[in-house]
Amino acid sequence: MESIKQLREICQASNQKSDDYLTKKLRFFSIYFTWFFLHFPLTANQLTAGMIFFQLVMGFFLTRSYELKFAVSGIILYHLYWIMDLVDGEVSRYKKSTSITGKYYDIVAHHIFKPYVFFCIGVSLVPDYGDWGYYLGFLSAFSHFFLSTVENCRYEAQLLHLRHYLAQDQTAAPQTGAGPAKKNISFSSYNDLSDQRSSKLKGFKKYLARFDRFVYNSNYLMIEMWVVCTILILNLLVGNRGFEVSGFEVKLIFILLLYYTLSPFYLATMSLYSNVKNRTIDSLFNELSESIELRRFKNSKGINNEH
């Protein structure tokens, strides 16, 4: 068996540029888990199933996160879930078994994860807020499903269009035929659009674009994880107490769940509006098609980008 240093080169080197800051920190620990699991005849997909198991058990603990032992157990399993999410990919790279099917399995697990976690947090509010805990948990889960649906339907639409093109047996690069997208718009998400416009806008609209960026970042998977864990810890430190607002006790967990009910819904709505109004998906598909056609031309002529 290779050393930890050698395993990092084999399993992690290809991700160093694309990984964000938090993922890089978790990869420091994940390689030790990868080393351990490589001693057993386990496939990457089996490890993904283990990740889902951690997810289900963690949800049970989160439903009782108002108790110290359950909150701490939930936080530990939360981190183990993300480490296992890295381990399955590292094992597949080591065994050279990476596939689209494995990526699909991993994505499905992620799309179940966020709605499930926030519904479980809503259940933890039932002792204090009654049925409102269930209602808010359900709405938060729906908001996350709505956001993931809007984001992933972008790729489904492009794939369906590509399949239609291939069925026609054409030789030209596929185009959408929808005409050019709005000027200077070649992005497929509302987040990218807000980045572009924030440098040009002034006054209130500039602050609105910055607000969009803040909301988007706070809903990023890894940041969301740390926010949830931090709020769970703070909630325990204050003794699961809240503050009164017009006779209504507001706790930190309630504020967390309310934010992660409204913010995903806001992002999904704005992303859907931007994609339809600016035809960003058409533009993205056309640019991808042109890039593929250019690469095909270079390959046919024996041209490469090395200097």
Q. Can you run phi through the Karplus equation (6.51, -1.76, 1.60; θ = phi - 60°) for region 125-142 and list ³J(HN,Hα) in whole Hz, with x for Gly and Pro?
A. 8, 4, x, 9, 10, x, 5, 4, x, 5, 4, 5, x, 5, 5, 5, 4, 4
Q: On a C-alpha basis, how far is the centre of region 1-53 from the centre of region 228-274 in Å? Whole number, if you could?
A: 33
Q) To the nearest 0.05, how large is the calculated FRET efficiency for LEU166 and GLU9 if R₀ is 41 Å and r is the Cβ-Cβ distance? A) 0.60
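Rank the residues LYS206, LYS69 as a footprinting-exposure proxy: fewest other Cβ atoms within 10 Å of their Cβ go first.
The order, fewest Cβ neighbours first, is LYS69, LYS206.
Quick note: the coordinates plus some simple rules give every number you see, no bench work behind them. Quantities reported herein were computed from a predicted structural model and do not represent experimental measurements. Cβ atoms come from the backbone with ideal geometry, glycine included; neighbour counts cover every protein chain shown.
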